[in-house]
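Just so you know, all these numbers are worked out from the coordinates, no wet-lab data involved. Since the model is a prediction, treat every value here as computed from it, not as a measurement. Here the Cβ positions follow ideal geometry from the backbone for every residue, glycine too, while neighbour counts run over all protein chains shown.
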Amino acid sequence: MKNKYNFSARAAVLALTLTAVFALSATAIAQAPPGSLWYNGDFNGVGYHANGVNTSDPPSQVFDDFFVTGGGWHLTAVFSDNLLSTVVTGAEWEIRSGVSSGNDGTLVAAGSTNAPTVAATGRSGFGFTEFMVEVTGINVTLAPGTYWLNVTPVGNGTGHSLNSMTSGTNCVGMPCGNDGNSWWRPDGPYPQPYDFSMDVIGPIPEPATVALLTCGVGVLLMAVRRRRSA
C-alpha cells in the first residue's frame with residue numbers, strides 16, 4: 001500500500017507539473033501567430049516606417065531579415081503588421097537573399113493578392129490602429145540561410161500604411177527583433193538600425209515546441225517504467 005500511495009502521489013504531482021508546463025507553453029505559443037516559423041515581434045510603440053503602395057505617401061517597402069534553419073522551410077503565408085488609415089485593397093510581397101550595402105540582393109520569391117487577410121491586432125499607436133496584413137496560399141520552399149521579407153499593403157489612394165517597429169516581444173525564431181538589419185525601398189540605405197513586425201508561416205513545428213512535447217512524453221514513459229519495476 002505504501003508503494004502504491006507513493007506512486008499515486010508522484011503521479012499526481014507529475015500530472016500537475018505537466019499540466020502547468022503545457023499551459024505555459026500554450027500561452028507562449030498563442031502570443032505569436034499560429035504556425036509562425038519566424039515572427040519578429042509585437043509593435044513596441046516606439047516608431048514605424050511607411051510601407052505601402054497607393055496611399056497618401058510615396059510608395060515605400062520595408063524589408064527585414066530572418067534566418068531559415070534546420071533542413072529548410074516551406075512557407076504557406078507571410079504578413080506584416082501595419083498602422084493603417086488607408087483601406088487595404090491588396091498586398092504585395094517579396095523574399096530576397098544576398099542583400100548588402102548598395103545591393104538589393106536576389107529576388108527569391110514574390111507575389112501579390114487582391115484579397116489579403118486584414119485583421120486588427122489589438123494594438124495601436126500614433127493615432128492609428130494596427131492591422132495584420134497577411135498573404136495566404138503561397139507555396140515557397142527556402143533552403144537554410146538568411147533572407148529578407150517584405151509584405152506591402154496596397155491602399156485605396158488615401159491614408160497611410162506604416163510598418164510597426166518591434167523590439168522582439170513574443171518573437172519566434174531568429175533574429176528576435178533585435179539585430180537592426182532592415183532596409184527600405186526606395187529611400188533607405190542598408191542596413192537600418194531598426195526592426196519591424198512581420199512574419200513567415202509554414203507547416204514545420206517551432207523547434208522549442210517539439211522539444212517540450214518530447215520532454216513531456218519522456219517524463220511520462222520514465223514514470224511508467226519506474227512503476228512497473230517497483
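Observations on the structure shown:
- Gain upon complete extension [residue 87, residue 169; 0.36 nm per residue less C-alpha separation]: 26.8 nm
- Multiplying the residue separation of residue 57 and residue 187 by 0.36 nm and removing their Cα-Cα distance gives an extension gain of 45.5 nm.
- Label-to-label distance, residue 141 versus residue 158, with points set 7 angstrom from Cα along the beta-carbon direction: 4.6 nm.
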